[in-house]
Every structure is written in structure tokens, then in C-alpha cells.
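What follows is a set of notes on a single structure, which appears directly below.
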Amino acid sequence: HAYHQGDSYGPHRYSWDTYPLWIFDRLGAGNVYNPEQRFVPYLWIYATRPDGQRLRAGDTFACSTPRGRPWSQYIGTLLTASYYGDGVLLDQYQRQGGSGGDETIFEVLWRDTTLQAKSIETLPLSYYCGSPFGWMLARTEWGRDSVVAEMKVNEYNFVNHQHLDAGAFQIYYKGALAMDSGVYQGGASGGYGSPHCLNYYWRTIAHNCLLVHDPNEDFGRRGYGNDGGQRLPNGRSEARTLKTLLAPENGYRTGKILSHGFGPDPQTPAFTLLQGDLTEAYGKKVRQATRSFVFLNLRNAAVPAAMVVFDRVVSTDPAFRKYWLLHTLEEPRVDSTSAVVDCTQHDDRGRLSLDVLLPEAQNADLTKVGGPGKEYWVFGENYANDVDPQRLDRSSLEPGAWRIELSPKAAASEDLFLNVMQVTDRQSPSHLSVRRFAAGDRVGCAIEGPGTTWVVLLRKDSRRSAEPVKVRTPGDLPCCVLVTDLTPGRWQAKRDGSGDIRSVTVDEISGAAWFEGPSGAWTLSR
């Protein structure tokens with residue numbers, strides 16, 4: 001199933017995987033799959049947007065679903081629900097208007113008609129999809145006003161329908177604000193294996209990722225140009241055996257999870273954390289590439305969520321220019337260290353505000369790329385797609401036409417990127433004050449008010465440390481503090497000059513400490 005996991009059409013493909021499950025079970029062999037198969041459809045639950053569509057992932061067929069209608073879960077979700085007695089999967093199937101279509105005979109054969117639906121709203125708001133992917137999805141709620149965010153590491157890349165998108169993220173709030181770009185439709189210029197696919201849609205440049213552009217890089221396969229992105233695992237040929245997949249020399253390994261977690265309340269978490277090492281995805285042009293995501297559920301009607309993305313990239317040549325990308329449906333408004341993205345089409349009302357904290361202002365080149373003739377721009381060439389404009393308008397396709405590029409002006413081997421994105425309704429806009437925050441070998445941000453100051457601190461080198469961390473929160477608002485990259489164990493946060501102490505347990509998986517308290521100077525020590 002991993003072959004189709006990077007494919008938004010996956011619920012239909014997944015139907016095929018459930019048939020052997022039932023056939024062998026009815027023959028008396030029992031469950032021939034790992035029972036973890038039950039949880040594959042949970043990815044689609046968490047990636048379902050309030051409008052009934054899903055966050056784009058890999059090759060996406062969207063023309064078949066008219067705009068305004070939810071995307072079907074297909075029969076695979078129903079058959080999995082029936083096999084495992086999972087009422088949550090049944091609820092999702094019913095919400096999406098699931099149908100077996102020409103496969104309805106299998107519903108007649110295998111549906112558990114006694115199974116009762118259990119609301120998806122009983123699920124935690126964050127969900128981790130572990131190895132071999134390393135993906136995190138987070139929401140603020142299950143209702144119409146939910147913010148939905150996706151964060152990816154990609155420990156392995158299975159190629160074909162899975163894109164070269166290690167480190168990608170997406171954000172949806174009343175419209176697609178940070179999105180995957182490109183179209184998996186069209187004729188000679190846009191279909192499977194077309195120049196648009198080979199050089200844009202499948203490539204890193206079409207995603208909210210990092211580029212490290214070596215102008216002389218050869219991607220080693222005919223038809224694939226230089227997008228400055230991630231290498232082609234095994235020449236972008238599928239592994240036919242597990243041995244082939246796991247062999248290091250074949251290059252299917254593209255990343256490593258450094259930490260993940262959410263809390264402090266696991267049901268309605270205030271923070272969701274994912275950190276990964278992406279070095280293997282970029283090959284020999286980097287010595288190290290790491291990315292950290294922190295999604296904050298701000299519990300604020302005006303500004304419901306924010307995402308912090310921190311990157312450290314060390315290239316093998318200082319001349320290789322590095323780019324931080326943010327793809328948008330509509331033209332963004334860009335300033336020297338900030339940008340605003342609005343969704344206005346089809347009655348969408350979302351807004352994303354970007355604050356660039358690193359590179360510092362004097363070294364930050366923030367520009368926008370896109371518009372007519374440059375929708376799918378790759379270093380001097382536009383890999384256009386000839387999809388029918390009328391079909392595009394009627395369908396739920398969202399190809400995107402713009403991106404924001406952030407790049408350091410000065411050449412250097414090591415560069416840090418620190419960006420904060422917050423979402424709001426564009427018709428009642430609001431923006432929280434954001435500032436860079438530093439504490440010794442750590443860097444982060446403070447997001448202020450109303451009512452709370454949120455502080456996030458990460459180590460610059462992504463290594464875990466047992467050294468004390470000193471934090472002086474700005475202003476006089478109560479604070480919520482997240483400190484990552486810590487050695488596991490028992491820690492305490494003490495407010496200087498008082499007896500105010502918070503006990504904190506740092507676990508091995510997240511390596512993170514969370515505490516809340518009055519503003520002031522705090523010392524976190526093991």
C-alpha cells in the first residue's frame with residue numbers, strides 16, 4: 001500500500017488492498033495483513049478539509065469530483081471498518097458520501113450491517129503517521145472553521161505516485177493557503193510522465209520545501225531537469241522487493257525522524273511538534289539539512305492557529321543558493337520581511353500572514369514568482385499544463401499559480417530559516433505581534449496576545465542537550481513555553497526571584513518541555 005500512500009486517489013486504490021484481506025479470511029486463513037492496516041484510512045480522516053476535499057498528496061485526481069461535493073472515501077474505508085469493527089471509519093465513510101460504485105457487490109458480501117458509527121469528533125486533534133513516512137497532521141477542531149495542517153519528513157520515498165517532497169507542509173483555513181502546486185491532469189503537457197510532471201509537479205520545487213540550487217547538478221535521468229530540489233531515489237524507479245527498498249545504495253531512504261509529539265492535553269493539544277533530518281533527500285550538495293515544525297492551536301477565534309518552521313541548511317559549496325518556498329493559489333502581497341496570502345475564489349475567506357525572522361532583514365531576499373506564463377516556473381522555463389480552463393473551473397482542481405521565495409542575499413555554507421505563519425479570516429483580519437527570540441544556543445519566536453504570549457525555542461543544531469535554558473518572556477501576559485531538543489528526564493522550570501516552580505517530564509520521543517505560567521525570567525533545568 002505504500003506505493004499509493006502518496007496519492008490523493010489513495011482511498012480508491014486502498015479498496016483493492018482490502019479484497020485479499022476479506023478473501024483469505026473467508027477461506028480460513030485469518031488476517032494475512034499486519035493489523036496496523038486498520039489505521040491507514042485515518043490519514044484521510046485527518047487530511048479531510050471542512051469543505052469535504054482532502055489536502056493534496058502526491059498524484060491527485062480531482063477533476064472527477066465537482067466543486068462543492070466532498071471527495072468519496074470509496075469502499076475500502078467501509079470494508080476496513082467492517083472487518084475491524086471500527087465505528088470511526090464508518091462515520092467518516094458516511095460523512096463523505098461513500099459509495100462502492102461498480103464495486104457495490106463487495107459491500108453486499110462483507111459489510112457489517114450491525115456496526116454503529118462513532119463520531120470522528122472523539123479523535124484527538126493531532127495524528128502521527130510513523131515510519132516509513134513520518135508525517136504529522138494537526139487540526140484546531142472538527143467543525144467548519146477548522147484549521148488543517150500537514151507536516152512531512154518522508155523517511156522513505158517509494159517514488160511513482162509519491163513526490164519528492166521531504167519537509168513539505170500545507171495549511172488550510174477557509175481556503176488552501178499553503179498548498180501543493182501543479183496539476184495531475186492535461187494532455188501531452190500535463191498528463192502522467194509529461195514535462196509538467198517530470199520537471200514541476202513531481203519535483204521539490206512544486207512543494208513548500210527547501211531548494212539548494214547547484215547550477216551544474218545532473219539528476220541522472222533523461223527528461224528530468226534541474227529544479228534545485230531533492231534527488232531521484234534509485235533514478236525514480238520503484239523497488240520491487242523489500243531488500244531492494246532497504247539497501248542503502250539504492251537511495252530510497254530520504255530522511256530521519258528526530259522527534260515528534262503533541263500536548264500537553266493529547267485530545268486537544270496546544271502544540272504539535274515534528275522534527276526531521278532531510279540530509280539524505282538532497283544528496284551530495286548538502287552536509288546537513290534539518291527542518292522543525294511547531295503547529296500551535298492558539299484557541300483564539302480571531303487568530304486560531306500559527307505554524308513555526310525552522311530550518312538549518314549546510315551546503316557543500318557556499319555558492320549553492322538556498323530557497324525557502326511557500327506556494328499559494330492567488331497572488332501574495334510581499335514586503336521586505338513579511339507577506340500576506342488571501343483566498344478569495346469560490347467564496348473562500350482565509351488569510352495567511354508570513355513573518356520572516358531569519359535570515360535577518362538585511363540578508364533576506366523575499367520575492368514572489370508566478371502569474372501568467374510563470375505559473376510553473378523552474379529557473380528560466382515554465383512547464384505549462386494544458387488542462388481545459390472550463391474543466392478546471394468546474395472541478396475541484398487547485399493548481400496554484402504563485403509562490404513566495406525566501407533566499408539569503410549573502411553566500412554562505414550554513415543558513416538558518418525561521419518563519420512564522422498565522423491564519424485568520426480576511427474579512428475580519430487580525431495579526432499577532434511576532435518577534436525573534438534567542439537564548440544561548442537556541443533560537444525561536446514569541447507570539448504575543450491577546451491574553452497569552454506563546455514562546456517556542458529550538459536548538460540551532462537540532463541536537464539534544466541537558467544544559468539549562470534561560471527564558472525571559474516579553475511583556476506582562478501569561479506565557480506558554482515550548483522548548484525542544486532536550487535530553488529526556490525530569491526537568492523543572494523556575495521563575496527567577498520567586499518560589500514558582502513547574503515540574504516537567506521530557507520523554508524520549510518528543511524531547512520537548514512545555515510549561516505555562518506568569519511572564520518573567522524562567523530557568524529550565526534538568
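The values are calculated or read from the model by the stated rules, or taken from the named source; none is laboratory data. All of these numbers come straight from a predicted model, not from anything done at the bench. Every residue, glycine as well, gets a Cβ built from its backbone with ideal geometry; the counts of neighbours run over all protein chains shown. The area values use the complete protein model at the heavy-atom level, side chains included, leaving out ligands, DNA and RNA. Shrake-Rupley method; radii C 1.70, N 1.55, O 1.52, S 1.80 Å.
At a glance:
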{"read-out": "Amide H within-cut-off set for CYS479, under 5 Å, with H built and near neighbours excluded", "value": "THR453, GLY517, SER519"}
{"read-out": "The range 166-187 and the range 220-272: distance between their alpha carbon centers, rounded to Å", "value": "18 Å"}
{"read-out": "Reported label for calculated semi-axes √(5λ) of the Cα gyration tensor in Å given (1) 35, 29, 23; (2) 52, 22, 19; (3) 43, 33, 20", "value": "(1)"}
{"read-out": "Test item: Cα-centred dipole of the range 213-316, Lys/Arg +1 and Asp/Glu -1 on Cβ, debye", "value": "240 debye"}
{"read-out": "Nearest-0.05 FRET efficiency for SER131 and TYR19, computed from C-beta distance (R0 25 Å)", "value": "0.45"}
{"read-out": "Helical segments meeting 15 Å axial Cα length and Kyte-Doolittle 0.5 threshold in the chain (DSSP H)", "value": "74-84"}
{"read-out": "Burial order of peptide ranges 375-382, 286-293, 426-433 (average beta-carbon count within 10 Å, highest first)", "value": "286-293, 375-382, 426-433"}
{"read-out": "Mean Cα-pair separation over length for the chain, i.e. relative contact order, pairs under 8 Å, 6 or more apart, %", "value": "11 percent"}
{"read-out": "Rounded accessible area per residue of the chain, 1.4 Å, Å²", "value": "38 Å²"}
{"read-out": "Apportionment of accessible area to carbon and sulfur, the range 300-345, percent (1.4 Å)", "value": "48 percent"}
{"read-out": "Those residues of the range 90-105 whose amide nitrogen sits under 11 Å from the label point placed on THR65, 7 Å along Cα→Cβ", "value": "96-98"}
{"read-out": "Label-reachable residues, the range 422-453, where backbone N falls under 14 Å from a point 7 Å from ARG472's Cα toward its Cβ", "value": "437-440"}
{"read-out": "Computed lengthening from ASP112 to ASN250, 0.36 nm per intervening residue step minus Cα-Cα distance", "value": "45.3 nm"}
{"read-out": "Under 12 Å from the LYS409 label point (7 Å along Cα→beta-carbon), backbone N, the range 334-361", "value": "336-337, 360-361"}
{"read-out": "Inter-centroid distance (Cα atoms) of the range 403-431 relative to the range 99-152, Å", "value": "31 Å"}
{"read-out": "Average Cα contact separation per residue, the range 225-357, under 8 Å, 6 or more apart, as relative contact order %", "value": "13 percent"}
{"read-out": "Computed label-point distance, nm, for sites ALA438 and VAL32 using a 7 Å Cα→Cβ extension", "value": "6.1 nm"}
{"read-out": "Alpha carbon centroid spacing (whole Å) that separates the range 35-49 from the range 444-504", "value": "34 Å"}
{"read-out": "Accessible surface of the range 352-471 [probe 1.4 Å, protein heavy atoms]: carbon and sulfur percent", "value": "46 percent"}
{"read-out": "DSSP beta bridges in the chain [antiparallel fraction, %, rounded to 5]", "value": "95 percent"}
{"read-out": "Separation in nanometres of the label points that stand 7 Å from Cα toward Cβ, at SER189 and GLN267", "value": "5.3 nm"}
{"read-out": "Highest-first arrangement of 255-263, 446-454, where packing means the average Cβ count within 10 Å", "value": "255-263, 446-454"}
{"read-out": "Approximate spin-label separation ASP507-GLU331, in nm, with each point projected 7 Å along Cα-to-Cβ", "value": "4.8 nm"}
{"read-out": "Rounded to the nearest 20 debye, dipole of the chain from Cβ charges on Lys, Arg, Asp, Glu", "value": "720 debye"}
{"read-out": "Relative contact order [Cα under 8 Å, 6+ residues apart], the range 189-285, whole percent", "value": "20 percent"}
{"read-out": "FRET efficiency, SER338 to ASP500 (Cβ-Cβ, R0 51 Å, nearest 0.05)", "value": "0.90"}
{"read-out": "When each of LYS409/LYS470; LYS256/LYS285; LYS322/LYS460; LYS174/LYS409 is checked by Cα-Cα distance, pairs over 26 Å", "value": "LYS409/LYS470; LYS174/LYS409"}
{"read-out": "Rounded to the nearest 20 debye, dipole of the range 237-284 from Cβ charges on Lys, Arg, Asp, Glu", "value": "220 debye"}
{"read-out": "Mean ellipticity per residue at 222 nm, deg cm²/dmol - from DSSP H runs of n ≥ 4 across the chain, formula -39500 (n - 2.57)", "value": "-3500 deg cm²/dmol"}
